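A quick write-up on the structure given underneath.
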Amino acid sequence: MVDLKFIRPSDLWYFIGLMATDGNLSKDGRHIEITSKNKNHLIAVKKSLGLKNNKISKKSRGGLNNKIYPRLQFSDIRLYKFLLELGLIPKKSLTLGKIKLDHTYFSDFLRGVIDGDGCISTWIHKTNLGRQWSLRITSAAPKFIKWLKKEIENYFDIKGKLYKYRYKNKKNDIYILKFGKLPTKIIIQGIYKKDSLFLDRKKKQTISCLQDKNKMINYGNVLGPDAETGRQP
């Protein structure tokens with residue numbers, strides 16, 4: 001059983017961000033599950049929650065039969081009810097809405113969301129040959145992703161764009177929240193801390209982005225007047 005009194009608030013809200021993306025609440029009212037491609041990541045999350053006897057198992061995804069994805073699953077009725085109170089729900093993929101946040105730890109929550117369903121990408125611009133960066137967060141739950149967009153924009157004083165796609169032979173829309181080069185740098189500067197939980201693969205991408213010395217310009221007024229730009233002189 002998880003004792004919330006002994007969990008660092010930053011770790012708890014990171015876990016909640018993961019639950020909003022890669023997590024699942026069972027219909028039985030007590031089982032909690034997180035799936036990841038990285039077993040060591042789940043071990044770190046397990047340790048942060050004070051869980052000792054729960055093994056990392058494997059499960060299938062996307063209709064496949066092979067059980068190849070590491071999974072952390074445990075039973076905790078009290079934590080389950082706490083997550084429900086925050087707005088998490090069983091079968092959340094299409095119906096998840098806003099989360100009742102403690103904004104003191106929004107950066108930790110967002111780091112969990114990004115480690116769950118986020119993607120930090122880089123490429124070389126064909127015209128100016130400069131290195132570009134973007135942050136994308138994918139969701140099939142329209143209420144959640146629209147709420148998250150507003151929360152990120154208000155917290156960091158930046159602007160993002162929301163795109164909607166319908167893949168062939170799929171019944172439901174997919175939403176992609178995208179931030180360009182400069183907003184991406186501002187976000188990752190604000191959410192990654194030295195002693196915080198994170199997915200190692202994405203942390204390495206953020207380090208590369210922060211070390212990029214190319215001048216970053218506020219094209220399209222994507223930053224508000226109070227945003228910290230971190231631009232090169």
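No value in this document is a laboratory result; all are computed from the given coordinates. What you are looking at is a predicted structure, and each value in this text was computed from that prediction instead of being measured. Positions of Cβ are generated from backbone atoms using ideal geometry, with glycine treated the same way; all protein chains shown enter the neighbour counts.
Structural remarks
- Only one residue of Gly180, Phe156, Gln211 has its Cα farthest out toward the positive end of the dipole of the stretch 111-221, where Lys and Arg carry +1 and Asp and Glu -1 on Cβ, and that residue is Gly180.
- Remark: relative contact order (the chain) = 18 percent; criterion is Cα-Cα distance under 8 angstrom and separation of 6 or more residues.
- Of the residues Tyr14, Tyr175, Tyr165, the one that moves most in a GNM of the chain with alpha-carbon contacts below 10 Å is Tyr165.
- Calculated on the Cα set of the chain, radius of gyration then Dmax: 18.2, 56 Å.
- Over the chain: helical MRE at 222 nm, DSSP H runs n ≥ 4 each giving -39500 (n - 2.57), nearest 500: -11000 deg cm²/dmol
- Nearest-0.05 FRET efficiency for Lys5 and Asn169, computed from C-beta distance (R0 45 Å): 0.40
- Net charge of neighbours whose Cβ lies under 11 Å from the Cβ of Asn40, counting Lys and Arg as +1 and Asp and Glu as -1: +4
- FRET efficiency, Ile68 to Ile176 (Cβ-Cβ, R0 45 Å, nearest 0.05): 0.95
- Restraint check, Lys67/Lys185; Lys5/Lys81; Lys81/Lys203; Lys92/Lys203; Lys100/Lys150; Lys46/Lys171, Cα-Cα greater than 25 Å: Lys67/Lys185; Lys81/Lys203; Lys92/Lys203; Lys46/Lys171
- Once the chain from His31 to Lys55 is taken as fully extended at 0.36 nm per residue, the excess over their C-alpha distance is 7.2 nm.
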